[in-house]
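Inspection log for the structure reproduced underneath, given as structure tokens.
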Amino acid sequence: MRLIRSNKGTAALNMATAGTRVPVILDNRQRTNRLIVTIAATLTVIGFAAGAVRNGGRLSSVFQHAVNENGEDTFGIADAYMLRALAEYRAGQPLAGVTLPASAALPIGVYPMRETYEIAFGDRRSLDPAETYFMEADPSSFMQLDSLVIPNAIPTLVAPGGLGATFTLTGITVTVEQEFATGAAGTLPLFKPRVRQLSQQVAGTNPQDIFYIKTQSRLRSLVIAAEAIVAADGGRVIVSDVIQALRLIGDAQNANVIGPNQTPYNVLVDSQRQVAGGDVTALGAFFTAYFADNGRLSNTIVPASQFPNFRYELSDAISASGSTRVNVLMEELIRRAPVNGYNTVAPELPAWLS
């Protein structure tokens with residue numbers, strides 16, 4: 001099976017339409033392995049030095065994406081920094097990027113930013129990556145990547161500075177490259193990947209804050225992180241002082257993914273470094289539970305049947321930075337129903353995955 005790439009184009013976003021989806025139209029007539037997403041923008045500081053750089057100066061902290069298929073969000077809408085964390089975990093290495101320099105007072109100047117990461121459907125480590133490639137059953141429907149920049153983008157990147165400091169974020173673009181897989185044209189993959197982002201507010205200090213993971217589908221990964229809204233300016237900051245410890249459990253016998261006791265969060269985050277490196281752990285904020293290591297679908301889990309009431313139990317507290325919530329990115333593999341028409345049907349589920 002050979003992978004080929006096709007550049008599907010670039011879309012321009014701007015601060016005047018912050019919060020509005022901007023689409024890049026994709027080709028859904030072939031098997032899609034992944035989308036390679038590049039985001040870029042330029043931050044200009046004039047008049048006076050800006051305040052402290054936030055979120056590692058990552059542009060991905062102000063973007064959101066959704067893969068929209070015939071009017072339904074297959075992926076998202078999800079924060080780009082969560083998608084990037086998952087991409088880095090799967091890559092097993094830091095991803096390239098031009099970020100703002102770490103600074104307590106960002107000097108007057110012009111700062112170009114750029115990041116590249118993937119939205120993956122297939123897993124190239126799998127014996128049969130085509131099991132989870134994306135292909136729509138109806139070739140007449142459409143598929144697109146919707147992107148938006150959040151309304152509070154500038155204070156999310158950098159805190160307000162001295163009197164007279166002026167910030168502009170310009171040249172905001174998203175470029176999407178679609179990677180196809182040749183062979184078996186018209187044969188639907190076994191599963192349809194989907195990503196959903198769940199959020200839950202943190203009300204106060206709680207040694208056992210329950211966060212339910214509800215899905216009827218097969219689960220490939222979970223990414224968890226916390227963020228706070230700075231009351232003074234509305235900027236979102238990714239924080240590591242919210243989740244102190246956690247366990248990931250269900251109610252069935254031996255239904256402990258992480259447990260039975262809570263594990264300190266910094267221990268979990270640090271344990272990823274051998275496989276995830278770089279920006280995933282740079283802020284001490286992200287932890288990825290990946291259930292398909294080495295691409296093995298047999299390692300994925302079905303919470304509804306294996307782990308009733310599947311949930312995180314968190315020891316958490318409100319961040320010192322402000323109003324706080326915990327985000328979970330949930331990557332599912334949805335079993336396709338047999339589809340008549342087009343020129344094939346989805347293959348039957350093997351006994352070892354039933």
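All of the numbers you see were taken from the coordinates with simple rules; none came from a lab. All values reported here derive from a predicted model rather than from experimental measurement. So basically every Cβ, Gly included, is an ideal-geometry build from the backbone, and we count neighbours across all protein chains shown.
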### Message
I need the calculated FRET efficiency for the pair residue 196 and residue 49, taking r as the beta carbon distance and R₀ as 45 Å, to the nearest 0.05.
### Response
0.65
### Summary
Inter-part gap, Cα centre of segment 55-106 to Cα centre of segment 127-201, in whole angstrom, is 9 Å
### Query
At 20 °C and 1.002 mPa s, what whole-number value in µm²/s does Stokes-Einstein give for the translational diffusion of segment 158-307, with Rh from the Kirkwood sum over Cα pairs?
112 µm²/s
### Task
Could you tell me whether segment 154-226 comes out rounded, prolate or oblate from its Cα gyration tensor? Rule is a ≥ b ≥ c as square roots of the eigenvalues, rounded for a/c under 1.5, then prolate if a/b exceeds b/c, otherwise oblate.
oblate
### Task
Averaging sequence separations of C-alpha pairs under 8 Å and six or more residues apart, then dividing by the length of the chain, give the relative contact order as a whole percent.
26 percent
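May I ask you to derive the FRET efficiency for residue 208 and residue 20 from their Cβ-Cβ distance with R0 = 35 Å, giving the value to the nearest 0.05?
Result of the calculation: an efficiency of 0.30.
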### Query
Rounded, prolate or oblate: which fits the chain, taking a ≥ b ≥ c as square roots of the Cα gyration tensor eigenvalues, rounded meaning a/c under 1.5, else prolate when a/b beats b/c?
oblate
### Query
For a label point 7 angstrom out from the Cα of residue 253 toward its Cβ, which stretches of segment 268-310 have the backbone nitrogen within less than 13 Å?
none
### Task
Can you pull the one-decimal nm distance between simple spin-label points at residue 73 and residue 6, each 7 Å off the Cα toward Cβ?
2.7 nm
### Query
Which ³J(HN,Hα) values, rounded to whole Hz and listed in residue order, are derived for segment 224-239 from phi using the Karplus coefficients 6.51, -1.76 and 1.60 in 6.51 cos²θ - 1.76 cosθ + 1.60 with θ = phi - 60°, glycine and proline given as x?
10, 7, 10, 9, 10, 9, 6, 4, 5, 9, x, x, 8, 10, 7, 10
### Task
Please turn the phi angles of segment 21-35 into ³J(HN,Hα) values with the Karplus equation 6.51 cos²θ - 1.76 cosθ + 1.60 (θ = phi - 60°), one per residue in order, whole Hz, x for glycine and proline.
5, 10, x, 10, 6, 10, 9, 9, 8, 10, 5, 9, 7, 7, 10
### Value in Å of the Kirkwood radius, where segment 58-192 supplies the Cα pairs that are averaged
17.4 Å
### Query
Out of 307, 189, 267, whose Cα points farthest toward the positive end of the dipole of the chain (charges: +1 Lys, Arg; -1 Asp, Glu; placed on Cβ)?
189
### Task
Quick one: among 288, 166, 156, which has the greatest mean-square fluctuation in a GNM of the chain with alpha-carbon springs under 10 angstrom?
166
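Calculate for the chain the 222 nm mean residue ellipticity that helices alone would give, adding -39,500 (n - 2.57) per DSSP H run of length 4 or more and normalising by residue count, nearest 500 deg cm²/dmol.
Working: 6 runs with 36 residues, N = 354.
Mean residue ellipticity, 222 nm, calculated: -2500 deg cm²/dmol.
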